[in-house]
Amino acid sequence: MKFIGRTVQLKKLRSEMTSEEMRMSLIYGRRRVGKSELVKQAIKESGIKSIYYECKQVTEASNVQSICDVVSETLDLPKLGYTSIEELLEYIFTLSKEENIIFVLDEYPYLRGSVKGLDSIIQSLVDKHRDSTKLKLVLLGSYVDIMKSLLEHSNPLFGRVDLVIDLKQMDYYESSLFYPDMSDEDKVRIYSVFGGIPYFNRLIDERKSVKENIIDLIASPGARLENEVSMYLNAEISKIINANEVFETLARGFSKFSDILSQSHVSSGPTLVDVLEKLIRMEVVEKKAPINDERNKKKAGYYICDNLSLFYFRYIFRYSSQLKIMAPEMFYDKYIAADFEENYVPHKFEEICRQYLIRQNRSGNITPVIEKIGKYYYDDPKTHTNGEFDVVTLDEKGYAFYEVKFRKKKISKEDIEEEIRQVKETGLNCYKYVFFSRAGFTETETDEIKHIELRQLFS
């Protein structure tokens, strides 16, 4: 299976693995994000002897016995008889005094949970053997809070970790590499549903339509990913009812704290705060403040940033009873098709365009460099209302305004003039206006008005 993306992380990890010194790496991120595959690919490219063990939720003795078996098999050694993890780790550290050996503990929190003081044990061994071993120790974990705690000043491993990788979802571009033969429009639609999780994207069948992929993978009884979101939430959150309430409210478009509290059935403000903070740490919800008023808590909003979770709660969770008794195609046509094309995908296309701008900015293709990107809050003195522009950037020259259109019709000169007029009426002073269009433009661009067509996002 071809490995896709993660170029930067792969280079960093490979560099650590090929070092002639003892190195310790810490890699964490949500389930299915591709941590294990990243490490396996780095090992493959390094060509270095490796011991790879996936920790289990069993006793210390059971884990130790399993690691012994893996070490014996991998390094072609006689059967090992260690009974404690400390003795076994001591042996592995001494094994690599003469040659590079990579030792991976995948799902480290499971082993940590069964061995009291494991962080201290590893800290002691790292300090003892740092100058004499060439071992490359790699710790992986999906429980982000636990993995982050290993980096805190109070933890014994503080200061011992040489490389930290917080593995995020892939952006729209890297995700599209999993389905390169689809049209650019369908790449936008597929990403809008399945996001940047490699595990999900490997399931996409390019021979099928977007509708067929959605039905087969999530919008039919027994579909491969039908329970993926609920299983992930149940594994991380004890009071799942509150989380479901918050997700359903966010999926309906409510983003302000007061609105979420009033529209959901969460019992109190403090409870809602706890739920939102947990979902943010899980990286399925994000809190955004307008770039022109970042410290104003009242103007901040909460949004589902995990695409599959958003799709699930907007369509599958909401209409779960209907899904159980209707034919999948009938369900899709009635509850998904129109809203998906007219509202859902155009909204996610805005996020894709933000990601495009960030990619271009990091590559040095935008001058002057963008310093902030996000929503812009405005008050309209004429109508005594307020609102937000979804995509605005700030650089040394000032603000640039971006309008994003995912529609079949080309953007005309009149469309552009009307958008600019509306922006100016709010008092937002821009030196540049940029328009993203799925279908293209009827007029050529100018110094003040720039055009970006859909094909440019994938070229």
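The values are calculated or read from the model by the stated rules, or taken from the named source; none is laboratory data. Bear in mind the structure is a predicted one, so any value in this text is a computation, not a measurement. When we count neighbours, we look across all protein chains shown, and the Cβ atoms used for this are built from the backbone with ideal geometry, even at glycine. Side chains are part of the model used for accessible areas, which takes the heavy atoms of the whole protein and leaves out ligands, DNA and RNA. Shrake-Rupley method; radii C 1.70, N 1.55, O 1.52, S 1.80 Å.
Of note:
- Charge tally in the Cβ shell below 13 Å around V284, where Lys, Arg are +1 and Asp, Glu are -1, V284 excluded: +1
- The largest accessible area among I237, I214 belongs to the first residue in I237, I214, and the rest follow in falling order (1.4 Å probe, all chains).
- With a Cα cut-off of under 16 Å and a minimum spacing of 8 residues unless on different chains, the lysine pairs in the range 280-369 number 8.
- Label selected from (i) 182; (ii) 250; (iii) 158, the criterion being volume of the Cα convex hull per residue in Å³ as computed here: (i)
- Surface composition of the range 391-459: carbon and sulfur make up 42 percent of the accessible area, probe 1.4 Å.
- In Å², nearest 10: area of E371 left accessible to a 1.4 Å probe: 120
- Space enclosed by the convex hull of the alpha-carbon atoms of the range 365-432, per residue, Å³: 114
- Overall shape: prolate for the range 257-329, with the ratio a/c of the largest to smallest alpha carbon gyration tensor axis at 1.5 or above and a/b above b/c.
- Sorted from longest to shortest, the spans of the Cα atoms of the range 45-109 along the three principal axes equal 32, 24, 18 Å.
- A probe of 1.4 angstrom, applied to the heavy atoms of all protein chains, finds Y110 with accessible area near 60 square angstrom.
- 222 nm mean residue ellipticity, helices alone, for the chain (DSSP H n ≥ 4; -39,500 (n - 2.57); rounded to 500): -12000 deg cm²/dmol
- The range 257-414: Cα Rg divided by the 2.2 N^0.38 Å rule of thumb: 1.25
- Relative contact order (%) - criterion: Cα under 8 Å, at least six apart; region: the chain: 12
- For E54, net neighbour charge (Lys/Arg +1, Asp/Glu -1) across residues whose Cβ lies under 12 Å away: +1
- Alpha carbon Rg of the range 85-232, scaled by the compact-globule rule 2.2 N^0.38 Å: 1.43
- Size of charge dipole - the chain - debye, nearest 20, with Cβ of Lys, Arg +1 and Asp, Glu -1, no other charges: 140
- Rolling a 1.4 angstrom probe over the range 58-107 with all protein chains present gives an accessible area of which 49% lies on carbon and sulfur atoms.
- Ranking G195, Y302, V404 by how far each Cα lies toward the positive end of the dipole of the chain (charges on Cβ) leaves Y302 at the top.
- Of the solvent-accessible surface of the range 173-212, computed with a 1.4 Å probe and all protein chains present, 42% belongs to carbon and sulfur.
- Dipole-positive endmost among V369, I291, G117 within the chain (Cβ charges, Cα centre): G117
- Within straight-line reach of K56, meaning a Cα separation under 19 Å, sit the following lysines at least 8 residues removed in sequence or on another chain: K35, K40, K116.
- All other residues whose Cβ lies under 15 angstrom from that of L217 are scored, Lys and Arg at +1 and Asp and Glu at -1, for a net of -1.
- Across all directions, the shadow cast by the convex hull of the range 7-123 built on its C-alpha atoms averages 7.4 square nanometres.
- DSSP bridge pairs, the range 318-459: antiparallel proportion in percent, nearest 5: 50
- Where the Cα pairs of the range 99-186 fall when distances are cut into 5 Å bins, in %: 3, 11, 19, 21, 13, 9, 7, 7, 6, 3, 2, 0
- Solvent exposure of the chain, expressed per residue, is 48 Å² of accessible area, with all protein chains present and a 1.4 angstrom probe.
- Computed on protein heavy atoms with a 1.4 Å probe, the accessible areas place V33, V164 in the order V164, V33, largest first.
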